[in-house]
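Presented below is the structure to which this report refers.
The values are calculated or read from the model by the stated rules, or taken from the named source; none is laboratory data. Model, not experiment: these values are computed from the prediction. Note that we place each Cβ from the backbone using ideal geometry, even for glycine, and neighbour counts take in every protein chain shown. Surface areas here come from the heavy atoms of the whole protein model, side chains and all, with no ligands, DNA or RNA. Shrake-Rupley method; radii C 1.70, N 1.55, O 1.52, S 1.80 Å.
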Amino acid sequence: MSTHDGTTESAEPAEPAERIEPASPERLIYFSDAVVAIAITLLALELPVPGADAHGDAGVQHFLREHLTEYFAFLVSFAAIAMQWMLHQRLFRYVTGLSGGAIRWNLLWLLLIVVTPFTTKLLTSEADAFRIQFIVYAAGQALTSLSFRLAFADLRRSGMLRPDAPRGVITETLAWLDATIVTFAVSIPVALVTHWASLCWALLPLTQKVTRKVLRRVT
């Protein structure tokens, strides 16, 4: 740039923009662990307990038999939440940072896990609306895995995955997520025609093997 006396004034270099470091995944992992623990605790608190009207051993046994459905639903939901937690810690150990999209999807994942005690209670309630009760529960489980799948996809797309992450572990874990989505989603239309739609959930291990083979071919 020329000045009024003819000399040339060099332009000052622009200051480099501040580089924002990606958020550390540890805080999200610890927060997720705490929320999952609370959800499992709430799940257990909903279990029916014999009251004063259950007299003697025979009365307690009768009460427990009457509520077998609730106890079985508790075990299913406990297993579902526990599996989500195991898959979460299995994948997030290879994460180096967090993207905004992954944080939002992870929060949605936590929301759906916290709602699981409610959907479990709804599923086993005495309301005469099996289709709605079942669909709400199954949809919640499918959406839980879907939100987790989208969170991890955003991390991978943002380059937040360690380069030394074992491909086999990633494929195996994602196969479980995909199998959960497919299994619970398929059970929804089945529930429209039969009350035995929950039997579809027993196909989860088989569905996982199929999805694992598909993922190995496409990746």
- Rg and Dmax of the chain, using alpha carbons, in Å: what are they? 24.9, 108
- Give the relative contact order (percent, whole number) for the chain; include only Cα pairs under 8 Å separated by 6+ residues. 20
- Just check segment 99-219 against the gyration tensor rule for me: Cα atoms, a ≥ b ≥ c as the square roots of the eigenvalues, rounded for a/c under 1.5, and otherwise prolate or oblate depending on whether a/b exceeds b/c. oblate
- Note on the structure: Under the Karplus relation with 6.51, -1.76 and 1.60 and θ = phi - 60°, whole-Hz ³J(HN,Hα) for segment 24-38, x at Gly and Pro, equal 6, x, 4, 5, 5, 5, 5, 5, 5, 4, 5, 5, 4, 4, 5
- Note on the structure: Expressed as a percent, the accessible surface of segment 89-186 that is carbon or sulfur, using a 1.4 Å probe and the full set of protein chains, is 64
- Subtracting the Cα-Cα distance from 0.36 nm times the residue separation, let me have the gained length for LEU64 to LEU45 in nm, one decimal. 5.3 nm
- Calculate the length of the line joining the C-alpha centroid of segment 135-164 to that of segment 196-219, in whole Å. 17
- log10 of Debye I(q)/I(0), alpha-carbon scatterers only, for segment 169-219 at 0.14, 0.26 Å⁻¹: -0.37, -0.87
- From the square roots a ≥ b ≥ c of the eigenvalues of the alpha-carbon gyration tensor of segment 63-153, which class results: rounded (a/c under 1.5), prolate (a/b over b/c), or oblate? prolate
- Just how large is the dipole of the chain about the Cα centre, in debye to the nearest 20, putting +1 at every Lys and Arg Cβ and -1 at every Asp and Glu Cβ? 1160
- Using the Karplus curve 6.51 cos²θ - 1.76 cosθ + 1.60 with θ = phi - 60°, work out ³J(HN,Hα) for each residue of segment 154-160 in order, rounded to whole Hz, and write x for Gly and Pro. 5, 5, 5, 5, 8, x, 9
- Note on the structure: Taking a crude spin-label model, label points 7 Å out from Cα along the C-beta direction, the THR194 to GLU126 distance in nm is 2.9
